[in-house]
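Worksheet: one structure, shown below.
What follows is calculated from the coordinates using simple rules that are stated; it is not laboratory data. This is a predicted model, so every value here is computed, not measured. Positions of Cβ are backbone-derived with ideal geometry, glycine not excepted, and every protein chain shown enters the neighbour counts.
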Amino acid sequence: MKRIGVIGGGQLAWMMADAAKDLEIELIVQTPARTDPAVGNAAGAIIAAITDAKATEQLATQCDLITFENEFIDLESLLPLADRGVCFRPSLQALEPLLDKYSQRSYLQKLGLPTPKFTELTGDRLSAILNAKSGELLPWRFPVVIKTRRHGYDGQGTFILKDLPQLQAALEPLSEVPLLIEEFVPFERELAAIAARAVTGEVVVYPVVETQQAAQVCRRVFVPADIAPEIVTEIEAIARTLLDSLQAVGVFGIELFLTPAGKVLVNEVSPRTHNSGHFTIDACETSQFAQHLRAVSGLPLGNPALNCQGAVMVNLLGYEHSHSDYADKREQLAQIPRASVCWYGKTESRPGRKLGHVTVLLDNSQRSQAQAIAQTIESIWYD
Ligand code: ADP
């Protein structure tokens, strides 16, 4: 029986703990609150901030290796543990270029991988923009996108700004925060790919999916994406180049833009399992969570292929402040043919919070059917 420590105890660790049971792996999570989703189904938990290196040191004494559920870690404070022989998978070196969005874009650029145009927003340029009377100082025309370099998620820390007054208003409270400014990509679609790399260097890539976000939060995932085979090949090559270059071990989520001209740009790389890969639990031979555990524990990778013709995954996002468990709605959702409802067991709902998801398997890859099912799910969930 292997014991794996997981830094983070949210829904991703909760789903990983389920996958662990089948692989005879015990997970111990390090997470700030006893009410966090994974505390209930992991084999053990250390209740501490994920940046608490002392707690991680204690975690390491109980586990064979340590992996990550999210990237909001304090890398510096973990380095001495790695020096003393604690095994992190993926390694801290693999995580290092990815944790900050500016470093991540720079790393992708260095590898020759396509990204939106971007630059840092610091000191002189920032104050010049704050005091500007026109947008001439900007590297690109409006709209532009501002991102906080660290700790962004679900669109928090991402601002799409249409004109100078909007930009200045957004920047005002962020003057002390490290920022990135980038071109707005008028994408035709957003795509995502989950890829895994084993200790041996073997890489597998799951079917490329289309994601749809509202207010910068993922709402729906369509599987597989309706794109030309050459685009799939291009995305698989991007995933391989990136994971090989990082010497990554584990599952990584890669989000991309497809432009109207058919160009692929990498938007974001997450060094962990990803929301766009939740469909793999029901629709693939190996779920992304089982795959991650296989990769980090040195097992051969599992088959990433679909076990059906297609699927649609819809996130159940909070739409009110409440402590309800929404049992009635979940019951209704479960009645949809070939639907699996995954409920994260969070004790508190608030607008935009990811509370669960529904995956429905399809016997074709027709978008119209998938869209109709997504609408049915959303009309039950959001009334
Ligand atoms: P997060 O870390 O919060 O997931 P992302 O960089 O993925 O932040 O941005 C969230 C969403 O915002 C994206 O899925 C996309 O819809 C939109 N977005 C982000 N960057 C751009 C951009 N440069 N051009 C157009 N839309 C963008």
Problem - Segments 223-232, 197-206, 351-360, 11-20 sorted - mean Cβ within 10 Å per residue, highest first - result: 11-20, 351-360, 197-206, 223-232
Completion exercise
Mean-square fluctuation maximum in Gaussian network of the chain, Cα pairs under 10 Å, restricted to Thr241, Thr347, Thr158, hits Thr347
Handout entry: Volume in Å³ per residue [convex hull over Cα atoms, computed for the chain]
Key = 144 Å³
Completion exercise
If one builds a Gaussian network model of the chain from Cα atoms under 10 Å apart, the most fluctuating residue listed among Glu76, Glu120, Glu26 is Glu76
Exercise for the section: For Lys2, list the aspartates and glutamates whose Cα falls under 16 Å from its own Cα; do not include residues on the same chain fewer than 8 positions away. Expected result: Asp18, Asp22, Glu24, Glu26, Asp64
Fill in the blank from the handout: Rounded to whole angstroms and listed largest first, the alpha-carbon spread of the range 1-109 along its three principal axes comes to 39, 28, 26
Problem - Flagged links, alpha-carbon separation over 26 Å, of Lys101/Lys263; Lys133/Lys162; Lys21/Lys101; Lys101/Lys354 - result: Lys21/Lys101
Completion exercise
The computed P(r) of the range 79-231 puts the percent of Cα pairs beyond 28 Å at 34 percent
Handout entry: FRET efficiency, 1/(1 + (r/R0)^6) with R0 51 Å, evaluated for Ser175 and Met1 via beta carbons
Key = 0.50
Fill in the blank from the handout: The distance between the Cα centres of the range 122-162 and the range 32-72, in whole Å, is 35 Å
Completion exercise
Highest GNM mean-square fluctuation among Leu95, Leu256, Leu167, for the chain with Cα springs under 10 Å, belongs to Leu167
Handout entry: Amide hydrogen neighbours beyond the local backbone of Glu26, cut-off 5 Å, H modeled
Key = Lys2, Arg3, Ile4
Completion exercise
Expected sort for 147-153, 312-318 on mean C-beta neighbours within 10 Å, highest first, is 312-318, 147-153
Practice task
Mind jotting down the three principal axis lengths of the range 236-378 based on Cα atoms? Whole angstrom, largest first.
Solution key: 47, 34, 28
Problem - Relative contact order [Cα under 8 Å, 6+ residues apart], the range 120-222, whole percent - result: 24 percent
Practice task
With viscosity set to 0.890 mPa s and temperature to 25 °C, compute the Stokes-Einstein D of the range 97-160, Rh being the Kirkwood radius across alpha carbon pairs; µm²/s, no decimals.
Solution key: 187 µm²/s
Problem - Mean separation of Cα contacts under 8 Å, 6 or more apart, over the residue count of the range 43-149: relative contact order % - result: 18 percent
Problem - Binned Cα-Cα distances of the range 18-66, short to long, each 5 Å bin given as a whole percent - result: 5, 23, 29, 25, 14, 4, 0
Practice task
Report the net charge of residues surrounding Arg3, where surrounding means a beta-carbon distance below 15 angstrom and charges are Lys +1, Arg +1, Asp -1, Glu -1.
Solution key: 0
Completion exercise
Bounding extents of the range 166-251 in its principal axis frame from Cα atoms, largest first in Å, are 48, 30, 21
